[in-house]
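Remarks on the structure that follows.
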Amino acid sequence: MRKYLAIVRGTYMIGMIYRLGFLFTIAGNVIYLGVAYYLWKSIFKNSETLRGLTFDQTFLYVGLGSAIFILLKTYTDWFMNSEIRDGSIAMYLVKPVDIGTYFLATSFGSLLMNITIVSIPTILLLLFVFKVKFIIGIGLLLFPISLLIAFFISFFLDYFVGLVCFYSESVWGLSTTKDIIVTLLSGGLIPLQFFPTALQNILHWLPFQAIYHTPLTMITQPDQSVDVFLQMIFIQLVWAVLLFMATRLFYIQAIKTVRVAGG
Amino acid sequence: MDLDDIEHSFYNRQSLLFLFYFLGKIMSLIHIENLSKHFSILNRREGLGGAFRDLFSGDYRTVKAVDGISFDIDAGEIVGYIGPNGAGKSTTIKMMTGILKPSGGTIEVNGITPYANRIRQAQIMGVVFGQRTQLWWDLPVIESFKILKEIYKVDQKTFDEHMGLFNDLVDLKKLYTQQVRTLSLGQRMLCDITASFLHNPQVVFLDEPTIGLDISVKAKMRSVIKELNQVRNTTIILTTHDLGDVEALCQRIIIIDKGSVLYDGDIKKVNSLFGAYRTLKLQIDGYNDSTLQTLQDAFTQKFGPEHGIAIAATEEFWTDVTIDQARTPLADVLNFIMTTFTVSDVRIVEISMENVVRKVYDGALK
Ligand SMILES: Nc1ncnc2c1ncn2[C@@H]1O[C@H](COP(=O)(O)OP(=O)(O)OP(=O)(O)O)[C@@H](O)[C@H]1O
Ligand SMILES: [Mg+2]
């Protein structure tokens, strides 16, 4: 356990070393928030609520969604792809570490990093510049738990695609497709409430909504009963465990085919 | 002696043999038997059209990177594992370190099968791949070491001692705060070597650790490796294209080519092989088509028909004179050439890896 904590710490430090890059991320975020603000403002021009959401709720959903997007995107598949291709994956394989846990630790390091540098500023922006109003409710308390589980789900999806690299050595297309699907079907871009009901019903059974929609619902509609939230967290947990097992099984197969290039 | 006795002694003999066999297996740290690694690779066609057709191609070819090698390495040995480019050295090392699964044969390091127990294997070994670093590219050197300390569960005291030792040996401290990616090649290599010994491993694999280093750093590197081997009895497998490294460090070498072992034994024997031959490169004034013949005749006249000198024109204006010193001393030949011909430039070239391998191929060690 300690070894992985050291890796979390190391990744956090790398982030700090490249803190300048985050200025751009924050700047990009501000622009995105501005665009989203006017877009949704015009959509809500003639009505108080749409699909059961007020403008404030929708904007909070979308704005916070972008902050969480930066948190939960681990890029593990992209890292693994390049490291498998140029052979530097050997660097991990010769150390007494489990590859999956190693990447989980680096992703967690970036998560902490992003919370300090990107998410907190975004929340401050939402509160004080865009002046969105939070509704107070039990959901707010459960939000951090839900976010953490969402992180695991997002990581396992990325890691799963990363493991495909052991076979195809180039998963550019697959990664991109996955990113688009996750962003769209998880509510990362548009609140799921705005999707057709039939599609919503299908999405309900897929792991994607557990990544963005679930934690975002806890923030935007926190005044629901505890049971509703606990059920949501339960579904998240089920997905996390299922995906964890899937990656484990896949890893056992994939590692047998590893070809380390170079040397 | 009755029948019983004979049978008895037979059993004794048998069990003694077994005992030796098992002792041999137990005592050797690395045991490799008939190991092979075959890669099947797609024959890629040229051009864009070719790339497109490759999508549907099943045209695979097998590369036998390692093809049935066997050897045993004892604890505390430094073994030079050498051979020309593409011989299969790195592939063997990747199997010994547990990052590649062999296609066939057995491999055991300290009694365990590396690829099946990758994490356990990793704990008892250190590795340096010369072309890449095992440190964290973006972190300062000392932070990389701190992470390694945790990964290998090295206690603070051992860590301090180790870093102290390397400080004394190679003056590492001044690099501590520098990002790994900003280190020069030699500095990075020293850090990598330090890292590979950090957890006091039983065996260290060094795959071209002196690649691209200048002479003084190389010398430093050699003495560090030697020192650690002596002080800690660390087993070292060294791959290199610099025969100087091998001469300075190894008592035993294993030469492989095309995935098979060509020679496994004492370096002295090979040493005599490349020690006995020296090649003189000459630039002779007034060089023309008959120069080679003139030289040949002059040598025969001077040193007799058994002179052991081979002459060849390799590049323009240069004549290679390869001398078997066992028959004719280099100094005599040089002396004779200088007094008989007008020579504008002379070089003495070290024998190359390729030449050694070629000679071994030709049966020079049999
Ligand atoms: N992943 C791979 N896929 C296909 N072929 C490979 C792979 N890795 C190695 N080979 C082939 O196996 C052979 C041995 O390669 P290896 O890297 O072991 O050579 P080497 O002895 O280390 O050579 P060098 O001195 O150049 O480093 C080469 O012909 C190489 O092309
Ligand atoms: Mg090599």
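Rule-based calculations on the coordinates, nothing more; no lab input. Remember, it's a predicted structure, so these values are computed and weren't measured experimentally. Cβ coordinates were reconstructed from backbone atoms using ideal geometry, including for glycine residues, and neighbour counts include every protein chain displayed.
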What does the structure give for A:9-15 when I average, per residue, the other chain Cβ atoms found within 10 Å of the residue Cβ?
4
Over what distance in Å are the Cα centres of the stretch A:78-93 and the stretch A:228-263 separated?
19
What aspartates and glutamates could a cross-link reach from A:K178, if we take a straight Cα to Cα line under 13 Å and drop same-chain neighbours fewer than 8 places away?
A:D77, A:D158
Which whole-number percent gives the relative contact order of the stretch A:2-257, counting Cα pairs below 8 Å spaced six or more residues apart?
28
Once Lys and Arg are counted +1 and Asp and Glu -1 for all other residues with Cβ under 13 Å from that of A:F44, the total becomes +1
Pick from B:T210, B:T106, B:T340 the residue whose mean-square fluctuation is largest in a GNM of chain B, springs joining Cα atoms under 10 Å.
B:T340
Summarise the partner chain shielding of B:143-151 as one whole number: the mean count of Cβ atoms from other chains within 10 Å of each residue's Cβ.
5
Those trypsin sites (Lys or Arg not before Pro) from the stretch B:288-358 that are DSSP loop and have at most 15 other Cβ neighbours within 10 Å turn out to be B:R327
Other chains near A:94-101: what is the mean number of their Cβ atoms within 10 Å of each residue's Cβ?
6
With the 8 Å Cα cutoff and a minimum separation of six or more residues, the stretch B:276-350 has a relative contact order in percent of 50
Efficiency of FRET from Cβ geometry, B:N43 and B:D285, R₀ 41 Å, rounded to 0.05:
0.20
For the stretch A:184-190, what does the Karplus curve 6.51 cos²θ - 1.76 cosθ + 1.60, with θ = phi - 60°, yield as ³J(HN,Hα) per residue in whole Hz, taken in order and with x for Gly and Pro?
6, 7, 9, x, x, 10, 10
From the backbone phi of the stretch B:108-115, what are the Karplus-calculated ³J(HN,Hα) couplings (6.51 cos²θ - 1.76 cosθ + 1.60, θ = phi - 60°) in whole Hz, Gly and Pro given as x?
9, 10, 6, x, 10, 8, x, 5
Charge tally for neighbours of B:T91 with beta carbon under 11 Å away, counting Lys, Arg as +1 and Asp, Glu as -1, is +3
Taking K and R as +1 and D and E as -1, what net charge do the other residues with C-beta under 10 Å from the C-beta of B:F39 add up to?
+4
Need one number: % antiparallel among DSSP beta bridges in chain B, to the nearest 5.
70
Exceeding the 18 Å Cα-Cα cut-off - candidates A:K95/B:K146; B:K94/B:K258; A:K95/B:K173; B:K258/B:K359; B:K153/B:K220; B:K146/B:K218:
A:K95/B:K173; B:K153/B:K220; B:K146/B:K218
Counting other Cβ atoms within 10 Å, keep those with at most 15, restrict to DSSP loop, and tell me which trypsin sites (Lys or Arg not before Pro) in the stretch A:224-263 are left.
none
Helix-only [θ] at 222 nm, chain A, -39500 (n - 2.57) per DSSP H run of 4+, per residue, nearest 500, equals -23500 deg cm²/dmol
Return the single residue from B:Y115, B:Y277, B:Y263 with maximal mean-square fluctuation; model: Gaussian network over chain B, springs between Cα atoms under 10 Å.
B:Y277
Just need log10 I(q)/I(0) for the stretch B:276-350 at q = 0.20, 0.21, 0.23 Å⁻¹, Debye formula, equal scatterers on the alpha-carbon atoms, no solvent, rounded to two decimals.
-0.81, -0.90, -1.10
Interchain or sequence-distant (5+) residues whose placed amide H lies within less than 5 Å of the amide H of B:L29 are B:I73, B:D74, B:A75
Got a sec to turn the phi values of the stretch A:50-61 into Karplus ³J(HN,Hα) couplings, 6.51 cos²θ - 1.76 cosθ + 1.60 with θ = phi - 60°, whole Hz, x for Gly and Pro?
10, 6, x, 10, 7, 4, 4, 4, 5, 5, 4, 4
May I ask you to list the chymotrypsin sites (Phe, Trp or Tyr not before Pro) in the stretch A:145-236 that are in a DSSP loop and have at most 16 other Cβ atoms within 10 Å of their Cβ?
A:W205
Looking at the protein assembly as shown, I'd like the Rg to Rh ratio, where Rg is from alpha-carbon atoms and Rh is Kirkwood's inverse mean 1/r.
1.11
Let me have the relative contact order for the stretch B:132-271, percent, based on Cα pairs under 8 Å that are six or more residues apart.
20
Most to least packed among B:165-172, B:227-234 [average Cβ atoms within 10 Å]:
B:165-172, B:227-234
Suppose we look only past 25 Å in the calculated P(r) of the stretch A:2-257. What percent of the Cα-Cα pairs does that tail hold?
46
